[in-house]
Amino acid sequence: MTRHEFLVSMLILIAAAAGVGAQEARGPEVETAGENPIFAIKVDEFGAVGNCDFSARIDNLYIQLQNYADATAYIITYRSADALPGDRDRDRMAANATAHLRMRGLDTSRIVFIEGGFRPDIGAELFIVPFGGVPPEPSETVERPEIPEGTYLWSEGVIGLYSDFEESLLEEFTLPAVLQRREEEMRQQEIEWEMERARDNLENGDEAPVYVDEEAEEEPEDEAEEELSPE
């Protein structure tokens, strides 16, 4: 073997070793079935869940992503077909996932969000796509709901009040019937709390307190004055 042939052989071996090293750094390749690669790995799928459950599922996706150096995570979110017209363009799940990842200080450069459109109920699908894999696509979607005719509810929300003063300002613009209903609901809630505490005391062997509806027991001031005044 001449010196030139030896150098060429060495260069071929070095190039082959570099290719193997790059393959190991990328992580496992996607298996192929014929000419088409196998689709992405579904990590999770869920519908409406609580905040803690939702955050835990996003954290798990991020942990799974670390097992593949060059992989990409895909989050497909679906809006509910029953959503009010004013909420149909708000992707709450995507917004919550983004906010959670930023709050945790996690790198989102390898996470792709896809608006999946509408399903009968709100939901999300989480995928891991290894290097060279085919990105997932939305599935089981339905048509965008039509705007109803006539008078209809556009949207609704909750106004956050942080003090009694702010609440008193809002009462000026609240219908009296609504205020009365709210007071009755609060009284009913207090009665239920007292009854629940009484049951707990009985189970623990304590004396059950007697709930007195002070507002119902109060007598009108005129009648009280008449009873106290001499004839």
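The values are calculated or read from the model by the stated rules, or taken from the named source; none is laboratory data. Please read all numbers here as calculations on a predicted model, not as lab measurements. Reconstructed Cβ throughout: ideal geometry from the backbone, glycine too, with neighbour counts over all protein chains shown. We work out accessible area using only protein heavy atoms, side chains counted, and drop any ligands, DNA or RNA first. Shrake-Rupley method; radii C 1.70, N 1.55, O 1.52, S 1.80 Å.
Observations, loosely collected:
- Looking only at region 168-177, and only at residues there that are of a type in the set (A, V, I, L, M, F, W, C) and surrounded by 10 or more Cβ atoms within 10 Å (Cβ to Cβ), the one that is modelled with the lowest pLDDT: Leu169
- Ile58 being open to solvent by 60 Å² or more (accessible area, probe 1.4 Å) and at pLDDT 90 or above: no
- Boolean, Ile147 is modelled with pLDDT of 65 or more, open to solvent by less than 70 Å² (accessible area, probe 1.4 Å) and of a type in the set (Val, Ile, Thr): no
- Qualifying residues in region 66-90 (those that are open to solvent by 30 Å² or more (accessible area, probe 1.4 Å) and under 13 Å from Arg119 (Cα atoms)) - the one nearest to the chain's Cα centre (by Cα): Arg79
- Residue check for Thr72: closer than 14 Å to Gly123 by Cα, of a type in the set (S, T, N, Q) and at pLDDT 90 or above: no
- Ile63 being open to solvent by 60 Å² or more (accessible area, probe 1.4 Å), modelled with pLDDT of 60 or more and in contact with a Phe, Trp or Tyr (Cβ under 7 Å, 6 or more places away or on another chain): no
- Residue list for region 99-113, filter: over 17 Å from Phe46 (Cα atoms) and in contact with a strand residue (DSSP E or B) (Cβ under 8 Å, 6 or more places away or on another chain): Leu101, Arg110, Ile111, Val112
This table checks each residue for (1) small (Gly, Ala, Ser); (2) in contact (Cβ under 8 Å) with a residue 60 or more places away in the chain; (3) open to solvent by 20 Å² or more (accessible area, probe 1.4 Å).
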residue: Leu101; (1), (2), (3): no, no, no
residue: Phe113; (1), (2), (3): no, no, yes
residue: Phe118; (1), (2), (3): no, no, no
residue: Gly123; (1), (2), (3): yes, yes, no
residue: Leu126; (1), (2), (3): no, yes, no
residue: Pro130; (1), (2), (3): no, yes, no
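- Residues that are of a type in the set (Asp, Glu) and touching an Asp or Glu at 6+ places or on another chain (Cβ under 8 Å) within region 74-109 comprise Asp82, Asp91, listed in sequence order.
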